Structures are given as C-alpha cells and as structure tokens.
Amino acid sequence: MAEHFQPREDVAMRAGYHSPQVDVEVRLNTNESPFSPPQAFLDALAAEVGRVKWNRYPDRAALDLRVKIAALHGVLPEQVFVANGSNEVLQTLTLTYAGPGRSVAVFEPTYAMHSQIARIAGSEVVEGARAADLSLDRAEVRRVLAESSPAITYVCSPNNPTGLIETEETVREVLSLVPGLLVVDEAYAQFAPWSALSLVSEDLPLVVTRTFSKTWSMAAARLGYLVGPSWVVAEMEKVVLPYHLDSLKQAAGTLALDFVEEMEHRVAELVEERGRLVAQLVDLPVEVWPSSANFVLFRPIERDGDAVWQDLLDQSVLVRNCSSWPGLDGCLRITIGTTEEDDRFLVALRKALS
Ligand code: PMP
C-alpha cells in the first residue's frame, strides 16, 4: 500500500476531539438544552430563509447581531466578536494572541478544547493543577503565571466538566496577576449566580466568552461570542476568515435575542431540575460535585466508572465518560435533561449501582 502524505508531525501525534455520537433513547452527554427553541422563533426563522440574499456574501461585520448582543449586555458593539460557536471564538483569540513562541495556561481538569486549540495553533500549553476538591487553587495560579508568563490564561466558570464556579474575588485576583489576557469561558454562565461580564472594561485585559449552544437551545446553529475590550475585538477581526458567519446564522442569532424571557424561563426550569436530580443523586453511593451549570459531575463509589457508563449505555442512556481523564478517576458527567429523561437516567443508574 502506498504511503500517504503525512500532516504536520504535531498533528499526526494528536488524537482529535472525542465525544461519541451514539444513537440512544436518552442522550445526556454534550450539555445541550433538552428543549427546542420557541415555536415563534422557528416560524420567524423560516420566514427569514426567504429574505436572505443567497447570491450575496453576508454582512462581514455581523453588525445587527453584534448590536443586539451588545444591548443585551450593556456594552458597545465594538466590544463584541461573534463566530461559529464559542470554539471558533477561542480559536480566533488564540491565533491572535498566542501561537508559536507564546504560551497558554489552563488549570486541569477543565474544558479539553482550551489546550487542544492552543496546541494546534502552535502555542505551548502550561498546565496548572486544581486542588483535590477540583476547585481553582490560587497559589497554583500564582505559581503558573509567575513561571511561564502565558499570553492567554483560561478560567472556565462554571468549569466543564466539574460544574464548579469561581467567585468574583478569585476572578479579580487572577485578573490582577495575568501578564497577558484572561479568558473567562462562560459557556454555562446563565445557569450560575454571577457573571464576569460585569468586570469587562476597555482598560482591563479580560474577555468573557458565551455560546448560543446551551441556554439558547441552538447547538445546531453553531454560534458563540466574546465580550471584551474593543482593542481585542479589532485585532481578532484581522485574523478571522472574511464572511465567516453566514447570513442565515446571523439572522438566527438576531431573532433569538427577541426571546430572552422564554430562554430565561428555560434556564430557571433546568436549574430547578438540577436541584431535583442532585437531591436524588446524593442518596446513592456516588460522590457529587455542586454544580452551577446544566450538568453534574459524579463518581460511583463502589463501582468502576467505566463499567457504570457501559451499564447506562446498555440501557440506552448516554452520559459523558470522564473516568479516564486526568484528575477525574472514575467520574461521569450527566447533562440536565427533561424530568422524563432524568428519571430514565436515575432508574438506569440505580440498576447499574446495585
Ligand atoms: N466552552 C465550554 C466550557 C464548553 O463546554 C463548550 C461546549 N462543550 C464550549 C466552550 C463550546 O461551545 P460552542 O462551540 O458550542 O459554542
């Protein structure tokens, strides 16, 4: 057999992002919303399809959408950068501020794409460790920042996959220490009691990233954004591909922002359901971490995490298997679903644990 032409050596060495898309009855593995968007939004979007000028490139600046996001958060449109999911926001930010010869700091265990994107961009990744209870260890943060002077420092709050939130005091302290930019990844912030958005200003090296994938029931749309100083956004605009955000997606995002109340209602429902689920989990032989997100991390105490994950899958319930991730020995992560889905999960889990 002929040898294929090989990619970059560092790419050939790496495994890609791994999250199995298995056909199951109860899918609680990727932190999506269990609810579809409001019908009125779907109707408005369907009408919009006919209005798109399909022969023309989209508005490169995505101005309508940025104006609306800016109004939602009380910032200027120049302080908003929008892209295809917050993953693309993070990738553009990394290409702009990190890359070869610069480093990116993460505190593990955290969202795997932070380091994956950094490595693919050619940056060095410096990994700090979290405390034994998986909280951010401020002494470790100080050590990592002083030793490696990263261009980008990540704080994921609420953190994926632990669900733990950082306090305002912690974020302020890290912000006062970073030699480069601080990224607070708030993919799950709507489920949490506070947001670092209130700290964003033109004078601080702080950016906050958000997504339409979770709260807004729009994971299929691939839409995310960043709120930060306008001088960061201006540099990112030089790096991102022209016309990266298609016209229909821009319209979808803009229309979605007419339904803030409906979305807030869904969030409140999920937060209540999270409370119900956790209350049931704590009565089982599992260790549970307090969550400020739309998922919960837990560890079966008497059985191997892998075996429990497989038992759940055999009962057509898919959760995220984190049991082999560094620092998360035996852990599983369940996304909050509908009451029916979560009940199916609980029945399956009780069986798996017995
Ligand atoms: N950040 C965190 C912490 C996440 O968990 C996710 C989704 N898994 C993302 C960013 C990416 O979200 P999206 O690209 O769908 O906006």
Practice task
Answer yes or no: is there a residue in segment 325-341 that is under 25 Å from SER33 (Cβ atoms), surrounded by fewer than 22 Cβ atoms within 10 Å (Cβ to Cβ) and touching a Cys at 6+ places or on another chain (Cβ under 6 Å).
Solution key: yes
Problem - Among the residues listed as GLU3, GLU32, the single one being over 30 Å from GLU340 (Cα atoms) and either surrounded by 10 or more Cβ atoms within 10 Å (Cβ to Cβ) or modelled with pLDDT under 95 (or both) - result: GLU3
Problem - Selection from segment 258-270 of residues that are surrounded by fewer than 19 Cβ atoms within 10 Å (Cβ to Cβ) and either in contact with a Leu (Cβ under 8 Å, 6 or more places away or on another chain) or not aliphatic (A, V, I, L, M) (or both) - result: ASP258, PHE259, VAL260, GLU261, GLU262, GLU264, HIS265, GLU269
Exercise for the section: For segment 327-335, state whether one or more residues are modelled with pLDDT of 95 or more and out of contact with any Ser or Thr (no Cβ under 9 Å at 6 or more places or on another chain). Expected result: yes
Completion exercise
Taking first residues from segment 107-127 that are at positive phi and second residues anywhere that are outside any helix (DSSP H, G or I) and surrounded by fewer than 23 Cβ atoms within 10 Å (Cβ to Cβ), the pairs with Cβ under 8 Å that are 6 or more apart or on different chains are GLY122/GLY99; GLY122/PRO100
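For GLY253, are the conditions met, namely being more than 14 Å from ALA293 (Cβ to Cβ), more than 15 Å from the ligand (Cβ to nearest atom) and surrounded by 22 or more Cβ atoms within 10 Å (Cβ to Cβ)?
The answer is no for GLY253.
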Practice task
Check whether at least one residue in segment 206-215 is out of contact with any Gly (no Cβ under 7 Å at 6 or more places or on another chain) and surrounded by fewer than 20 Cβ atoms within 10 Å (Cβ to Cβ), and report yes or no.
Solution key: no
Problem - Test: residue in segment 225-245 that is touching a Leu at 6+ places or on another chain (Cβ under 8 Å) and modelled with pLDDT under 95 - result: no
Fill in the blank from the handout: Within segment 222-245, the residues that are within 11 Å of the ligand (Cβ to nearest atom) and either among the small types (Gly, Ala, Ser) or not assigned by TED's automatic domain parsing to the domain that holds GLY74 (or both) are GLY224
Handout entry: Criterion: crowded, with 18+ Cβ neighbours inside 10 Å, modelled with pLDDT of 95 or more and away from the ligand (no atom under 16 Å from the Cβ) - qualifying residue of ARG102, ARG130, ARG142
Key = ARG102
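The values are calculated or read from the model by the stated rules, or taken from the named source; none is laboratory data. Just so you know, these numbers come straight off a predicted model, no measurement behind them. Note: ideal-geometry Cβ built from the backbone for every residue, glycine included; neighbour counts use all protein chains shown.
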